[in-house]
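Step one of this worksheet: look at the structure below.
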Protein chains: 2
Amino acid sequence: MSIQERRERERAQREKMIITAARELAEAEGWEAVTTRRLAERVEYSQPVLYSHFKGKDAIMTAVALEGFADLAAELRAARTAAPDAARALARISAAYVAFAERRPALYDAMFSQKVDLPFAAPEAPAALHAGFDELAQAVGPHADGADPGLLTEAFWAALHGLVTLTRGGRLPRGQHDRRLALLLACFTREPADSGHPL
Amino acid sequence: MSIQERRERERAQREKMIITAARELAEAEGWEAVTTRRLAERVEYSQPVLYSHFKGKDAIMTAVALEGFADLAAELRAARTAAPDAARALARISAAYVAFAERRPALYDAMFSQKVDLPFAAPEAPAALHAGFDELAQAVGPHADGADPGLLTEAFWAALHGLVTLTRGGRLPRGQHDRRLALLLACFTREPADSGHPL
DNA sequence: TCCGCGTTGCTAGCAGTGCTAGGGACAAGA
DNA sequence: TCTTGTCCCTAGCACTGCTAGCAACGCGGA
């Protein structure tokens, strides 16, 4: 059975190569540049091989997004645990979220903008997705003040997402990005708007 | 010169037909179903005619988006002026914004999600865009409480946009949509989270 | 009324897309 | 050595956005 195992191992390795190639290509030139032909060329196999691993191009994007969830969760976790106190955790984690979206826009798109076939707000959602949301929830929770913490976290996440996507789409000028984020934080933490949040 | 004028009139009419057809097709089946061939068939002209009016498909989407800005601005204005007092204006206008996005998702996408070539946060931005933003600003302004009203409006808009897009993309369950919106409003108006906002 | 000419919109085609059918080569087992 | 089965590649389909080049129409002048 060793031959079988080696084959499966090689197959899994190749699948990983495809996902990595798709992510790199997307991050370098955007998702519209990721075609099955270029992808196949990059992994040095023919097109149909891709379809023996994934149902279609969308499934490849989904796989890339799944990797991204784990990355984001890790970065959020690092930001939150590095915060000196709970009060500043939200500011830190928000900054980390925005930075992630800014640094890896194509990956962020696959995760949160593009149409992918994943169960999101459900128990069967990917573990990394839950992990990322939980990080946010832990930072938002202390400011709930009677409101449903889960819903408040969702609302805060939505606000961050809106800020990120509108800025990236050219709808909001990049100039005052930090001040908008600070305002958002002030609203959710119910602090005075002008009390700069030291990170 | 009357012949010339008639021609230009007919040409403008046809251009409007193209835009309308594109919008209707997008609203009925989504933007991925809007192909130049189907569009041409719908306006009963051949494909190349489209290119004598617009530089490309993107330009058609931009034209559709421009129409949408006017529609949205009108609906926001109606919602704001119908509000019994300034305190409730924000809730009304928010509901109108969300309803617009929900009712005309394809149009909303063209306006705020898809990549279009328009100057947004600039003086030369389309008038309808300014008008819509001003409606929002007028409703947000009273709650600024010392903060920059323009930036606060942008932040609030971003939050609404995030809520809308995450819900539409399946990232947030539709179930508690209203409660999330209410939470958002409570944060921005700095009211207690559980004081339901009567519309 | 007729003719030349410019405009207009058509047919046909290009290069590229996602995806798939079919066959051919290679390796494993008898 | 031969058969069997797996694997992967070549070729092609139907579609996309976009464009070149031609044919026909209608206007302006004679």
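We did not get these values from a lab; they are worked out from the coordinates using the rules stated. Predicted, not measured: the structure shown is a model, and the values here were computed from it. Don't worry about glycine lacking a Cβ; one is built from the backbone with ideal geometry, like all the others, and counts go over all protein chains shown.
Rg/Rh for the range A:50-133 stands at 1.05; both radii use Cα atoms, and Rh follows the Kirkwood definition.
Each copy carries residue B:59; placing its label point 7 Å along the C-beta direction from Cα gives inter-copy distances of 4.0 nm, listed from smallest up. Quarter the surface of the alpha carbon convex hull of the range A:29-84 and you get the mean projected area, 4.9 square nanometres. Calculated on the Cα set of the protein assembly as shown, radius of gyration then Dmax: 23.3, 87 Å. Across the range A:56-73, the residues whose backbone nitrogen lies under 13 Å from the label position 7 Å along the beta-carbon direction of residue A:47 are A:57.
Take the Cβ atoms of residue A:71 and residue B:115, set R0 to 35 Å, and the FRET efficiency comes out at 0.90.
Averaged across orientations, what area in nm² does the convex hull of the alpha carbons in the range A:56-199 project?
Taking the Cα atoms of the range A:56-199, their convex hull projects to 8.8 nm² on average.
Comment: the Cα-to-Cβ extended label point of residue B:123, at 7 Å, lies 6.0 nm from its counterparts in the other copies, nearest first. Cβ crowding within 10 Å, taken as a proxy for footprinting-reagent exposure, orders A:53, B:130 from fewest neighbours to most as B:130, A:53. Label points for residue B:84 are taken 7 Å from Cα along Cα→Cβ. From this copy to the others they lie 4.8 nm apart, shortest first. Taking every full run of DSSP H in chain A, the ones that stretch at least 15 Å from end to end by Cα along their long axis and average 0.0 or higher on the Kyte-Doolittle scale are A:57-82, A:86-103, A:127-140, A:149-168, A:177-189. Given R0 = 35 Å, the distance between the Cβ atoms of residue A:17 and residue B:32 translates into a calculated FRET efficiency of 0.75. Of the residues B:111, B:17, B:61, the one that moves most in a GNM of chain B with alpha-carbon contacts below 10 Å is B:17.
Panel note: the C-alpha atoms of the range A:1-53, placed on their principal axes, show extents of 42, 19, 14 Å (largest first). Residues B:143, B:161, ranked from the fewest to the most other C-beta atoms within 10 Å, line up as B:143, B:161. Placing +1 on the Cβ of every Lys and Arg and -1 on the Cβ of every Asp and Glu, with nothing else charged, gives the protein assembly as shown a dipole about its Cα centre of roughly 800 debye.
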